[in-house]
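Below is one structure, written out as structure tokens; comments come after it.
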Amino acid sequence: MKELLETIAKSLVDFPDDVSVNEVEGEKTIILELKVSKDDMGKVIGKQGRIAKAIRTVVKAAAVKENKRVSVEILQ
């Protein structure tokens, strides 16, 4: 999951070196924290959050294959 999110985020932003993903495992869920450059924040979120929603949908679909629950958080 972490690699998938990293790949998607790096392809969207202008500064791919600033992309970092932190994985926090809980009892039932995995939380993926995505950090990008402040200049790239709009590109990752998109208009009205559409790109962020699409990223979350893709990651959740991949997680279903592995019988896991995943949450994606975009941090500043």
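One residue stands out among those in region 55-76 that are in contact with a helix residue (DSSP H, G or I) (Cβ under 9 Å, 6 or more places away or on another chain) and in a helix (DSSP H, G or I): the one that is modelled with the lowest pLDDT, which is A62. Filtering region 31-54 to residues that are touching an Asp or Glu at 6+ places or on another chain (Cβ under 8 Å) and either over 15 Å from E6 (Cα atoms) or part of a helix (DSSP H, G or I) (or both) leaves D39, D40, K43. Take the residues in region 10-57 that are out of contact with any Ser or Thr (no Cβ under 9 Å at 6 or more places or on another chain) and in contact (Cβ under 8 Å) with a residue 40 or more places away in the chain; name whichever of them is surrounded by the most Cβ atoms within 10 Å (Cβ to Cβ). Of everything passing the filter in region 10-57, I55 is surrounded by the most Cβ atoms within 10 Å (Cβ to Cβ). Going through (1) among the acidic types (D, E); (2) part of a helix (DSSP H, G or I); (3) in contact with a helix residue (DSSP H, G or I) (Cβ under 7 Å, 6 or more places away or on another chain) one by one, E3 falls short only on (3).
The values are calculated or read from the model by the stated rules, or taken from the named source; none is laboratory data. Note that this is a predicted model, so its numbers are computed, not measured. Note that we place each Cβ from the backbone using ideal geometry, even for glycine, and neighbour counts take in every protein chain shown.
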